[in-house]
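Before any comments, here is the structure.
Only the coordinates and a few stated rules stand behind these numbers; no lab work does. It should be emphasised that the depicted structure is a prediction, and the values quoted were computed from it without experimental measurement. A quick note on method: Cβ atoms are made from the backbone with ideal geometry, for glycine too, and the neighbour counts reach across all protein chains shown.
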Amino acid sequence: MGIDELERKASFVAGGLALILAAVLSPHLFKNTTVIDKLTPSKSNTCTAGYHLVGSMCQKATITTPSDWLVQFLEILVIGAFILFFAYRRKRAGVAVASLLLGLALGSVGVGFLFFGGWLIVRALRLQKYGEASFFASSRKAREASQAKREARAGSNRTRGAKVSAPAASHAPAPSKRYTPKKHTGRR
């Protein structure tokens, strides 16, 4: 029930992308960097406090220290390494969970990791239900199962029609001292 070759290759790509993203963040760990925040100006072409109008955008320069980036760098590095480790070990659950965690941690940048983790989970559910992980094979097997159900229902309707007989008289169960309710005489 491990991952197949397609999922394994995609897992290695996802893990590699995570490590590349960690490498892109690594220059922020060695020196103070300047981050520029941008906003659109108001209708009167003014900026909020702390922002300056540069061209048609309001900009604010913020100096960040290496400690501001350390947690995010370690998070991406460690989870990317987990994705690669679980891909190497062919563990679908580990790759899916690590991808979902990385996608949630990165926010809008991690949407691809969220889709990848979801894709792995959907394929695992299809494998569990139909015995095949691909969408084409599982839909074919679902059609076959549906056709078998229809034929079974049609067969049971034909056998029911052949056994038409008079309904048997229903008998009440034998009274029990402990559980049978008292009979009402009809008068109140």
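Here are labelled values, [x] 92, 57, 39; [y] 45, 43, 31; [z] 61, 39, 27, and one is the computed Cα extents along the principal axes in Å for what I pasted. Which one?
Of the labelled values, this structure produces [x].
Using only Cα atoms, find the angle between the long axis of helix 135-162 and the longest principal axis of the chain, and express it within 0 to 90 degrees, rounded to the nearest 10.
10 degrees
Using 0.36 nm per residue, how much length does the chain from SER26 to LEU104 gain when fully extended, once their Cα-Cα distance is taken away?
The span from SER26 to LEU104 would gain 26.0 nm if fully extended.
Only residues of the stretch 116-132 count here: report those whose backbone N is under 15 Å from the spot 7 Å along Cα→Cβ of ALA148, or say none.
Residues 129-132 qualify, since their backbone N sits under 15 Å from the label point.
In debye, nearest 20, what is the charge dipole magnitude of the chain about its Cα centre with +1 on Lys and Arg Cβ and -1 on Asp and Glu Cβ, if you could check?
2280 debye
Tell me, in nm to one decimal, what length is gained between LYS129 and THR62 on full extension, where the rule is 0.36 nm per residue of separation less the Cα-Cα distance?
Answer, rounded to one decimal: 18.9 nm.
Among all lysine pairs in the chain that are eight or more places apart or on different chains, how many have alpha carbons less than 23 angstrom apart?
9
To the nearest 0.05, how large is the calculated FRET efficiency for ARG140 and TYR88 if R₀ is 45 Å and r is the Cβ-Cβ distance?
0.90
To the nearest 10 degrees, how steep is helix 92-106 against the longest Cα principal axis of the chain, on a 0 to 90 scale?
Approximately 50 degrees, to the nearest ten.
Relative to the longest principal axis of the C-alpha atoms of the chain, give the angle of the C-alpha long axis of helix 111-130, reported between 0 and 90° and rounded to the nearest 10°.
That works out to roughly 20 degrees.
Please state the relative contact order of the chain as a whole percent: Cα pairs under 8 Å, 6+ residues apart?
17 percent
For the peptides 54-62, 121-129, 38-46, what is the packing order when you average, over each peptide's residues, the other Cβ atoms within 10 Å and list the highest mean first?
121-129, 54-62, 38-46
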